[in-house]
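Novice: Handing you a structure now.
The values are calculated or read from the model by the stated rules, or taken from the named source; none is laboratory data. In this text, all values refer to a predicted model and were calculated from it rather than measured experimentally. Every residue, glycine among them, receives a Cβ derived from its backbone with ideal geometry; neighbour counts consider all protein chains shown. Keep in mind that these areas ignore ligands, DNA and RNA; they rest on the heavy atoms of the full protein, side chains included. Shrake-Rupley method; radii C 1.70, N 1.55, O 1.52, S 1.80 Å.
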Amino acid sequence: MFVGREEELGMLERLYRKRGFQMVVLYGRRRVGKTTLLGEFSKGKPTLYFTAQVQSAAMNLLSFSKAAYRFFDLPTSTGPFASWSDAFSFVANRAKDRGGPFLFVFDEFPYAAESEPSLPSALQIAIDHEFKETNARIILSGSNEGFIESKVLGAKSPLFGRRTAQIRLQPFDYLDAARMTPSATDDQRVAYYAAFGGTPYYLAQIDDGAPFEENVEFLFFNKAGLLYEEPMMLLRQELREPANYNSVLSAIAGGATSPKRIAEAAGIEQASVGKYLKTLESLGLVERIVPFGDNPEKSRKGLYIVRDPFFAYWYRFVSPNVGAIESGAGRAAAQTAFGEAFSTYVGKRFEDICLQWLARRNREGKLPFPASSFGRWWGTDPAAREQVDIDVIAADKPSGQILLGECKWRGALNETDALEKLASRSALVKGYDQRHLALFTKKPAGAATAKKADARGDLMLVSMRDLYEEP
């Protein structure tokens, strides 16, 4: 089932329709859906599609030769090209003969380039001297984000400046993720996003006809479950020191938020923890957040969190139970992931969903003003003499407008009290003249609160039902 990716498909279609040579670099973490996107985009288009593998340079060149011969209706028994330069020259010359546009997809380009370091240079020469005179549309794709950014997009790469577009494919947001579970209720969709995140491959493993608890138990808390060892497998594939990265993620999921505390909890030198955090940030697994309005470079209030919901869930609930799962007690261990602790965890992810909803509404032009920045705020309330926070914020500094929101993931709620607290805290974020408030709730707000919102005009009431309303 293909869902979402409307923006990426639209960009690729526009480039396909343009005249002249085009080269797109598509990259992103494993399992994020690059190959599925390319398959959807290439439907109905003449496409030379090649996927490199972790094998010798000669074997990759042989596989490519056969793929090229098949596409151009030549016998696959024809011997392999002598070099990648010859291979690209052959494809470019055939492209000139075709006249019209055709796709040349080189999937997992880093695999081939790692076994043959001269590959980027060979492609660069072919682009400059042959492909640029054709209507070929080349798409280079890869999961090794570090390689793509340095060896393909980097200033020192032979291919630097040859791309006409690049797409770093991200996991789905909460709404596109929900489209993967069409039979689920809104409550279940929130729970699924909190546990599985937005990675399409993980969401595709869900049995849409089974209860949430059954899917989680089978996929996470079972030695044979597909997602039981997934985080460690990804770390082993991507990184040289998976054990240390695993320890860092465990420390953050366990509540350590500063480099010093993370290093202590992970059992690694504080001087080296920075490089692990930087790498995990580049992979989109962790994130350093600061209170809204603070300068990220100077703020001393920065906190590290596990950004990806799937990893956050796995390290919070699965990792501590690995011993029980290995001993065959996975079912009992799973029950600990369905109680109050999980509800509290979902409450934090509900805030992420609300922030994503604000960003979506902003793109649609449906907020009270066009917002240019988003975030959260936490700090000291001098009047109350306590630490407080504001769950979600959207703002536009030039116009002096700001929207501040409270997110409540609970069935019973004193709405009046929640709004009064939000209103009092809103003044703690300085520098804005016009303020709007928003209350996000699991259930629709009561009639009295709705009447109050209508009378005020500066208060948005958003229920879980509203969050999952299709645009």
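Novice: Give all pairs with beta carbons closer than 9 Å in which a residue from region 352-369 that is at negative phi and in a loop (DSSP other than H, G, I, E, B) meets a residue that is of a type in the set (Ser, Thr, Tyr) and open to solvent by 40 Å² or more (accessible area, probe 1.4 Å); count only pairs at least 6 apart in sequence or on separate chains.
Specialist: What qualifies is Phe369/Ser399.
Novice: I've got another one for you. Looking at (1) outside any helix (DSSP H, G or I); (2) without any contact (Cβ under 8 Å) to a residue 60 or more places away in the chain; (3) surrounded by 19 or more Cβ atoms within 10 Å (Cβ to Cβ), which one does Gly161 not meet, given that it meets all the others?
Specialist: The number of the failed condition is (3).
Novice: If Lys408 satisfies every condition in (1) exposed (fewer than 12 other Cβ atoms within 10 Å of the Cβ); (2) farther than 19 Å from Pro291 by Cα but one, which is the exception?
Specialist: It is condition (1) that Lys408 fails.
Novice: Further question on the same structure: What's the number of the condition Ser65 fails, among (1) of a type in the set (Ser, Thr, Tyr); (2) touching a strand residue (DSSP E or B) at 6+ places or on another chain (Cβ under 9 Å); (3) crowded, with 18+ Cβ neighbours inside 10 Å?
Specialist: Result: Ser65 fails condition (2) only.
Novice: Take the residues of region 362-379 that are over 19 Å from Tyr432 (Cβ atoms) and not acidic (Asp, Glu): which is least open to solvent (accessible area, probe 1.4 Å)?
Specialist: Gly365
Novice: Another question about this same structure. Spot the failing condition for Asp107; the list is (1) open to solvent by 10 Å² or more (accessible area, probe 1.4 Å); (2) touching a residue at least 40 places away in the same chain (Cβ under 8 Å), and only one is missed.
Specialist: The failed condition is (1).
Novice: Which one of the conditions (1) in a loop (DSSP other than H, G, I, E, B); (2) among the hydroxyl-bearing types (Ser, Thr, Tyr); (3) open to solvent by less than 10 Å² (accessible area, probe 1.4 Å) does Ser141 fail to meet, given that it meets all the rest?
Specialist: (1)
Novice: Checking the structure you have, find out if any residue of region 256-268 is under 20 Å from Tyr201 (Cβ atoms) and touching a residue at least 12 places away in the same chain (Cβ under 8 Å).
Specialist: Scanning region 256-268 turns up no residue that is under 20 Å from Tyr201 (Cβ atoms) and touching a residue at least 12 places away in the same chain (Cβ under 8 Å).
Novice: Something else about it: With respect to Phe338, is the statement that it is within 29 Å of the chain's Cα centre (by Cα), more than 15 Å from Leu439 (Cα to Cα), at pLDDT 95 or above and hydrophobic (A, V, I, L, M, F, W, C) true? Spell out the reasoning first.
Specialist: Details: within 29 Å of the chain's Cα centre (by Cα): yes; more than 15 Å from Leu439 (Cα to Cα): yes; at pLDDT 95 or above: no; hydrophobic (A, V, I, L, M, F, W, C): yes.
Spelling it out, it is not the case that Phe338 is within 29 Å of the chain's Cα centre (by Cα), more than 15 Å from Leu439 (Cα to Cα), at pLDDT 95 or above and hydrophobic (A, V, I, L, M, F, W, C).
Novice: Name the single residue that is least open to solvent (accessible area, probe 1.4 Å) among those in region 411-431 being farther than 30 Å from Ala191 by Cβ and not in a helix (DSSP H, G or I).
Specialist: Val429
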